[in-house]
Amino acid sequence: HRINKVFMGTGDVYSAVVAGAWVRGRDFKWSAQLAADFTLKCIDKTFSDPDHWYGVKFETALADLMKAINE
């Protein structure tokens, strides 16, 4: 879905997750989907904090990311 707001760093988050999952042996399609889901989760968490104005809040979603990669 489309989000009508700019979030700096989402490309960096996405590419880091794709590369990390792929290096850990996941196939590329799975890695790309995980990255898209994670990036969206980061954006959603950022929306919930009106005081956060730059970038996305990826730190609060890292535990979920690691769980998904290790499943």
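The values are calculated or read from the model by the stated rules, or taken from the named source; none is laboratory data. What you are looking at is a predicted structure, and each value in this text was computed from that prediction instead of being measured. All Cβ positions, even for glycine, are placed from backbone atoms using ideal geometry, and neighbour counts span all protein chains on display. Each accessible area value is taken on the protein alone, full model and side chains, heavy atoms only, with ligands, DNA and RNA left out. Shrake-Rupley method; radii C 1.70, N 1.55, O 1.52, S 1.80 Å.
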Residue hits (region 24-46; within 14 Å of the chain's Cα centre (by Cα) and open to solvent by 60 Å² or more (accessible area, probe 1.4 Å)) are Trp30, Gln33, Asp37, Lys41, Asp44, Lys45
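From the list Ala68, Ala19, Ala63, pick out the single residue that is in a helix (DSSP H, G or I) and surrounded by fewer than 11 Cβ atoms within 10 Å (Cβ to Cβ). Full working, then the answer.
Numbers: Ala68 fails: surrounded by fewer than 11 Cβ atoms within 10 Å (Cβ to Cβ); Ala19 fails: surrounded by fewer than 11 Cβ atoms within 10 Å (Cβ to Cβ).
Among Ala68, Ala19, Ala63, only Ala63 is in a helix (DSSP H, G or I) and surrounded by fewer than 11 Cβ atoms within 10 Å (Cβ to Cβ).
Of everything in region 6-16 that's part of a helix (DSSP H, G or I) and of a type outside the set (D, E, K, R), which residue is least open to solvent (accessible area, probe 1.4 Å)?
Val13
Within region 22-56, how many residues turn out to be part of a helix (DSSP H, G or I), within 19 Å of Ile69 (Cα to Cα) and charged (D, E, K, R)? Steps first, answer last, please.
Our first condition is that a residue be part of a helix (DSSP H, G or I); within region 22-56, this holds for 22-23, 28-47.
If we keep only those that are within 19 Å of Ile69 (Cα to Cα) as well, we get 22-23, 28-42.
Remaining after also requiring charged (D, E, K, R): 29, 37, 41.
The number of residues fulfilling the criteria is 3.
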Listed by first then second residue, the pairs whose first member lies in region 37-66 and is within 18 Å of Val6 (Cβ to Cβ), whose partner is among the aromatic types (Phe, Trp, Tyr), with beta carbons under 7 Å and at least 6 positions apart or on separate chains, are Thr39/Tyr14; Cys42/Phe58; Ile43/Phe7; Thr46/Phe7; Gly55/Phe7; Val56/Phe7
